[in-house]
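Below: the structure, in structure tokens.
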Amino acid sequence: MGNHVVCVDIDEAKLQRLRDGDIPIYEPGLETMVKAGVNNGVLSFTTNIAEAISAAEYIFIAVGTPPGEDGSADLQYVLAVAGDIGRYLQGYAVVVNKSTVPVGTADKVKQAIDQQLAVREVDIVCDVVSNPEFLKEGAAVADFMRPDRVVIGTDSERAEQKMTALYSPYLKSRDRMMFMGTRDAEMTKYAANAMLATKISFMNEVANLCDRLDVDVENVRKGIGSDSRIGYSFIYPGCGYGGSCFPKDVKALVHSAEQAGFEPTLLAAVEQRNNQQKHKLFDNIISYLGDLSGKKIAVRGLAFKPGTDDMREAPSIVLINRLIEAGATVLAFDPVARRPPRRNSHRNGCSRVACK
């Protein structure tokens, strides 16, 4: 859309790969867009955060918020970037929280920036905005170009005008911008993912009951999906949800609720059903084949869903672990998925898994 974008990271090797057009993740349409941006001189990659911040009108924070042992979102990377912004900011800018963060994080980011500005003894103003992303892995580029909605959390009229100008090219045919408070926007992201996870766990529970009652769950799915109040999205029975968002965000919302003195009964049940569902396919295999010792089993499809290479929290990891523990040898295939993270590789018994 004609914007000049500078991407900052501390990993020079990764940045060089990106400059060379080597995209480290699989996402349809992304490689073409990145190469075009680099070739046209509107997209660049650097480790020089001071230079990038000093020239920016908008500064997006898009770092990870990995879950802690208690399920809470780890904000150390978000706040570290906020501190850097305070160190190098040269004039007014809109600081945009794009990372998925708990309610109240925008206030913490603003405080971290202001602390560094005070150390520098400079009178510079910035607005911190919450702008959660709702992109689907496997369709992220298309979702960004044609968003269902753009949620902006801010109480600043100046920031509202700046964000409207930034997003208006994507919303020419319909106005889908929604303005609210920063805390409201932060909660909206968690609530959206928790709702979708709830639909998945609900349908998996119904499917398990259908198995017991000799009912075809596919007909049930069609019957309830035709109700406009329910719809067909996220009501396909399966092996449970995975990926980088739903598991992490449900846990984080449960933790936030407990910290606030509220018992999240439904959310806890959603997580419990999902954890149980990841074992369902193995249980079906045992029921059908019996003893797996010495058997060779092919697993086709490893990523947590089609159209992505993301193995995080994938149900396939649980299945492969249990097959190996039961004495089977596993041959696993996926057209694009990466090998599981190193922390899972040892547990998967990689010496007995042939990944193609």
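So which of GLN276, GLN259 ends up being under 13 Å from CYS239 (Cα atoms), of a type outside the set (D, E, K, R), open to solvent by 50 Å² or more (accessible area, probe 1.4 Å) and under 27 Å from the mean Cα position of the chain (by Cα)? Just one listed residue meets the conditions, GLN276. Which members of the stretch 164-197 meet the condition of being over 22 Å from ASP127 (Cβ atoms) and open to solvent by 30 Å² or more (accessible area, probe 1.4 Å)? If the condition is that a residue be over 22 Å from ASP127 (Cβ atoms) and open to solvent by 30 Å² or more (accessible area, probe 1.4 Å), then LYS172, SER173, ARG174, ALA191, MET195, LEU196 are the ones that fit. Looking across ARG158, ARG229, ARG149, ARG212, one residue alone is more than 25 Å from the chain's Cα centre (by Cα), closer than 30 Å to ALA314 by Cβ and surrounded by fewer than 16 Cβ atoms within 10 Å (Cβ to Cβ). It is ARG212. Determine if the stretch 19-40 includes at least one residue that is small (Gly, Ala, Ser) and in contact with a Phe, Trp or Tyr (Cβ under 8 Å, 6 or more places away or on another chain). Checking the stretch 19-40: not a single residue is small (Gly, Ala, Ser) and in contact with a Phe, Trp or Tyr (Cβ under 8 Å, 6 or more places away or on another chain).
A quick yes/no check of all residues on (1) touching a Phe, Trp or Tyr at 6+ places or on another chain (Cβ under 7 Å); (2) modelled with pLDDT of 85 or more; (3) closer than 18 Å to TYR241 by Cα:
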site: LEU281; (1), (2), (3): no, yes, yes
site: SER316; (1), (2), (3): no, yes, yes
site: ASN344; (1), (2), (3): no, no, yes
site: CYS350; (1), (2), (3): no, no, no
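A search for C-beta distances below 7 Å between a residue of the stretch 1-26 that is in contact (Cβ under 8 Å) with a residue 12 or more places away in the chain and any residue that is among the acidic types (Asp, Glu) and open to solvent by 80 Å² or more (accessible area, probe 1.4 Å), counting only pairs 6+ apart in sequence or on different chains, returns GLY21/GLU31. The one condition from (1) farther than 25 Å from GLU27 by Cα; (2) open to solvent by less than 70 Å² (accessible area, probe 1.4 Å); (3) of a type in the set (A, V, I, L, M, F, W, C) that LEU266 does not meet is (2).
Looking only at residues in the stretch 34-79 that are among the charged types (D, E, K, R) and at pLDDT below 95, which one is farthest from LYS110 (Cα to Cα)? Full working, then the answer.
Just the residues of the stretch 34-79 that are among the charged types (D, E, K, R), to begin with: 35, 51, 57, 69-70, 74.
Applying the additional criterion that residues be at pLDDT below 95 yields 35, 51, 69-70, 74.
Details: LYS35: 34, GLU51: 21, GLU69: 26, ASP70: 26, ASP74: 17 Å.
Per the stated criteria, the residue is LYS35.
Per-residue answers, yes or no, for (1) over 26 Å from LEU135 (Cβ atoms); (2) touching a strand residue (DSSP E or B) at 6+ places or on another chain (Cβ under 9 Å); (3) at pLDDT below 95:
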| site | (1), (2), (3) |
| --- | --- |
| THR182 | no, yes, no |
| ALA185 | no, yes, no |
| THR198 | no, no, no |
| MET203 | no, no, no |
| ASP214 | yes, no, no |
| SER226 | yes, no, no |
| LYS248 | no, yes, yes |
| ALA252 | no, yes, yes |
| SER256 | no, yes, yes |
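Among the candidates PHE234, PHE246, the residue that is touching a Leu at 6+ places or on another chain (Cβ under 8 Å) and on the phi > 0 side of the Ramachandran plot is uniquely PHE234. For first residues located in the stretch 251-267 and more than 16 Å from GLU186 (Cβ to Cβ), partners that are small (Gly, Ala, Ser) and open to solvent by 80 Å² or more (accessible area, probe 1.4 Å) and lie 6+ apart or on another chain with Cβ distances below 9 Å do not occur.
Out of CYS239, CYS245, one residue alone is in contact (Cβ under 8 Å) with a residue 60 or more places away in the chain and either polar (S, T, N, Q) or open to solvent by less than 50 Å² (accessible area, probe 1.4 Å) (or both). It is CYS245. Any idea which of SER293, SER316 is open to solvent by less than 30 Å² (accessible area, probe 1.4 Å) and polar (S, T, N, Q)? None of the other options fit; the residue is SER316.
The values are calculated or read from the model by the stated rules, or taken from the named source; none is laboratory data. Bear in mind the structure is a predicted one, so any value in this text is a computation, not a measurement. Glycine also receives a Cβ, built like all others from the backbone with ideal geometry; neighbour counts cover every protein chain displayed. SASA here: full protein model, heavy atoms, side chains in, ligands and nucleic acids out. Shrake-Rupley method; radii C 1.70, N 1.55, O 1.52, S 1.80 Å.
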